[in-house]
Structure formats: structure tokens, C-alpha cells
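Some notes on the structure that comes next.
Please treat every number below as a calculation from the coordinates, not as lab data. Keep in mind that what you see is a predicted model, and the values were worked out from it rather than measured. Cβ placement follows ideal geometry from the backbone for every residue including glycine, while neighbour counts extend to all protein chains displayed.
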Amino acid sequence: MQIDYLSDLHFDNYFRADDFNVETIVKFLKSLFKNKKSDILLIAGDFGHHNEQIVFIVEIIRKYFYKYIVCILGNHDYYLINDRISDIYKANSFERVKELRVNLNGIDGVYCLNGNTVEVEGIKFGGCDSWYDGNYLISLFPKRDFSYYSINEMWKNCLNDYKYIFEVERYDEIFEIELPKIEKVYKECDVMITHINPSIKIEHAQKKYARSQATAFFAFNGEEFLKKGSMKYWIYGHTHEKKEYEISGVKALCNPVGYPHENLHFKLESFEI
Ligand SMILES: [Fe+2]
């Protein structure tokens, strides 16, 4: 069976948040899905900044393009990007995430995973949003002694996550929430989905930024899960670079749409299971 996959759609970089014109959205989606090979689409997070817009577009994808959508959320789906949105969710990113997940799961045929599995056409999908753990930095500079405080300061300064994710003060706070969810499903699924790259190997990072300290916030050390898990494929996003690598017979695949200036050569990918 073929399964299509992508990530990092960033809808509000393609459409204004108040643009609910079905025709223009369908036109955009038609070009995105022109290589469609499956009735199942996997989306590895980063839908955008506006819940109503995200749910509206996912409903269109479901109605016109795919029978089933299995997804998780990305760091941008936690962002409260302006005062109006922050007021709606009482300055708490987790309130936004909760609403988005409930509304996505409310669409027939859509499964937004949160440390659980779902079986679709005989294939078991498991996943969660996941998070970075900072270990990339430690493996990149093994001789340097980074304090927790210095990594946290780095995180505050080099990523927008600290600025726009409310109720989070530490870079690995969400990792602590997400880790037990990975542990719950990694031995129970054929396909795993997370937003974050599960490898801290330099050759598995985005080439351009592989030696950058900021890449600490683009991966977590998931090698044990790849080695001991039941999955054949691990789909991830977050980095806006297409990637494919293998660890212990598990294929890790990343196929981001990315921002408009990045997506000139985007091609929908699929794998056979
Ligand atoms: Fe991301």
C-alpha cells in the first residue's frame, strides 16, 4: 500500500487568516497533491498559526483529496502570534493546542495523534507532537561543557518558540511532556509520526545548519526508539529540507512544504508498506 506524506504546510504563509475562499484553497491544494498516490495522507505538523483556518483547510483536504489524514502538531501550532490570539487562549499555548486537536479529531477520517495509535486500512500509525531535547548540541561539541542555563539562554535567543509559546520557560519542558507519549507507542506501530527529527547525527540534520548551535532545537535523541521500535517508517518535519535516512532498518522521511519561497520544487512523496 502507498501512503503520501508531507509536513510544515504553514497555511497562513499562503493565505490570509481571514481568507476562506474555497476555490483558491482548492487550487493551491491541487498543485500540492498532483502526485497523489494514496487515500491516506500523513502530515507531520506545523499547520500554521490560526486554528479556524487550519481546521477549514483540513476539512477541504478530507473532502476533495484524501479519505484519511493522520497527523500530529508542530511547534508553530503552539504559537500565540498576536495579542488577539493570546487573549482567546488566555495566554496559554496548551489551550490553543487542545482546541486544535479536538477540532481536527472532530473531522470524520482525521486522526490527530497524541501518544496513541490508530489503525487505518490495516496499518498502525502512532505518534505525538514530540520536541527537541538539546542533545544535538552536546553531540556536536562533545568537549564543551554546556550548562543547562546556557542552552536555555541560547534557545530563548535563537528561536521564536520562546517568544510565541506561552506558559513554557525551558527549552525541554515540552520534551518532558512528549517523551512518555513516544514511549507509549513506539513498540505498537508500523509507522511513527513526530514533528521533530528523531536523530541527533550530524549527517541527518539540515545540511546548511548542521554545524549551527540552533540545530539543538531541531532534533532529539530517538535512536533507541528507532532501534527497538516496531515501526518500518518514521515521518517527521520541522526542518524545511527534504530528507531520507535509515537507522536499524527504519526509514526516516521528511518532506516539508515550507514557506512560499522554499517550496518552488515541492513534490508530494509516498512510501510503500
Ligand atoms: Fe516546526
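For region 40-151, what's the radius of gyration and Dmax over Cα atoms, in angstrom?
For region 40-151, the Cα-based Rg and Dmax read 17.1, 53 Å.
Which of the lysines could a cross-linker bridge to K30, judged by Cα under 21 Å and excluding same-chain residues fewer than eight apart?
Hits, sequence-local ones excluded: K63, K67, K242, K267.
Show that you can apply the helix-only estimate: for the chain, add -39,500 (n - 2.57) for every DSSP H stretch of four or more residues, divide by all residues, and state [θ] at 222 nm to the nearest 500.
Rounded to the nearest 500, it is -9000 deg cm²/dmol.
May I ask for the net charge around C128, where only other residues with Cβ less than 9 Å from the Cβ of C128 are counted and Lys, Arg are +1 while Asp, Glu are -1?
Neighbour charge sum, excluding C128 itself: 0.
³J(HN,Hα) across region 226-233 via Karplus (A = 6.51, B = -1.76, C = 1.60, θ = phi - 60°), whole Hz, x for Gly/Pro?
5, 6, 9, x, 9, 6, 9, 10
Subtracting the Cα-Cα distance from 0.36 nm times the residue separation, let me have the gained length for E52 to V118 in nm, one decimal.
Additional length available on full extension: 21.3 nm.
So how far, in whole Å, is the C-alpha centre of region 238-253 from the one of region 151-174?
Taking the Cα centre of each part, region 238-253 and region 151-174 sit 25 Å apart.
Expressed in nm to one decimal, what extension gain is obtained for the pair I81 and K34 from 0.36 nm per residue of sequence separation less their Cα-Cα distance?
Once the chain is fully extended between I81 and K34, it gains 13.8 nm.
So what's the gap between the Cα centers of region 179-197 and region 72-141, to the nearest angstrom?
When both Cα centres are located, 13 Å separates them.
Scale the Cα Rg of region 74-207 by the rule-of-thumb value 2.2 N^0.38 Å and send over the ratio, two decimals.
So the Cα radius of gyration is 1.17 times the expected 2.2 N^0.38 Å.
Calculate how many DSSP beta bridges within the chain are antiparallel, expressed in % of all such bridges and rounded to the nearest 5.
The answer is about 40 percent antiparallel.
Of the candidates P256, P142, P198, which one comes out as most mobile in a Gaussian network treatment of the chain with C-alpha springs shorter than 10 Å?
In this elastic network of the chain, the residue with the biggest mean-square fluctuation among P256, P142, P198 is P142.
With +1 on each Lys and Arg Cβ and -1 on each Asp and Glu Cβ, how big is the dipole of region 1-119 about its Cα centre, in debye rounded to the nearest 20?
360 debye
Over the alpha-carbon set of region 2-272, divide Rg by the Kirkwood Rh and report the Rg/Rh ratio to two decimals.
0.94
Any chance you could get the radius of gyration and Dmax over the Cα atoms of region 148-273, in Å?
15.2, 44
Looking at Y245, F146, F56, which one has the Cα that reaches farthest to the positive end of the dipole of region 2-272 (charges on Cβ: Lys, Arg +1; Asp, Glu -1)?
Going by the Cα projections, it comes out as Y245.
How do 43-55, 219-231, 24-36 rank on mean C-beta neighbours within 10 Å, highest first?
Most protected by this proxy first, the peptides run 43-55, 219-231, 24-36.
Along Cα→Cβ, 7 Å out, is where each label goes; now give me the distance between the ones at A91 and H265 in nm to one decimal.
4.5 nm
So if we plug the beta-carbon distance of R211 and N105 into 1/(1 + (r/R0)^6) with R0 = 51 Å, what FRET efficiency do we get, rounded to 0.05?
Result of the calculation: an efficiency of 0.80.
Going through the cross-link list K90/K181; K124/K228; K228/K251; K227/K251, which pairs have a Cα-Cα distance over 22 Å in this structure?
K90/K181
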